[in-house]
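Any read-out appearing in this document is the output of simple, stated calculations on the displayed coordinates, not a laboratory observation. Small disclaimer: the values here were computed from a predicted structure and weren't measured. We place every Cβ from the backbone using ideal geometry, glycine too, and count neighbours over all the protein chains shown.
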Amino acid sequence: MAPRGCVAGPIAHMNRVLVAIGVLLVVAGVFWARLRGLPFFRLPGDIVVDRPGFRFFFPITTMLIVSVVVSLVLWLLRK
């Protein structure tokens, strides 16, 4: 039996994951101005419809790349 106040097992792992996600969000917030300069959201394949008074933006290519990177990182973390 774990000591009182001690979190063990999968809950402890989830706590670490949530803290890591929080740290990444804080770092992204700190460097937001520099991150905006990166070519994300302007990749070939991203759909932009720009009409007078209306703009529709669907970053499909960016979403695919982000999905692959996140999947790879999570796969590496599980190993």
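Can you put 76, 35 in order of Cβ neighbours within 10 angstrom, beginning with the fewest?
Going from least to most buried by this count: 76, 35.
Name the shape class, rounded, prolate or oblate, that the alpha-carbon gyration tensor gives for the chain, where a ≥ b ≥ c are the square roots of its eigenvalues, rounded holds for a/c under 1.5, and otherwise prolate holds if a/b is larger than b/c and oblate otherwise. Prolate, since a/c reaches 1.5 and a/b exceeds b/c. In this structure, residue 68 and residue 23 have a Cβ-Cβ separation that, at R0 = 25 Å, corresponds to a calculated FRET efficiency of about 0.70.
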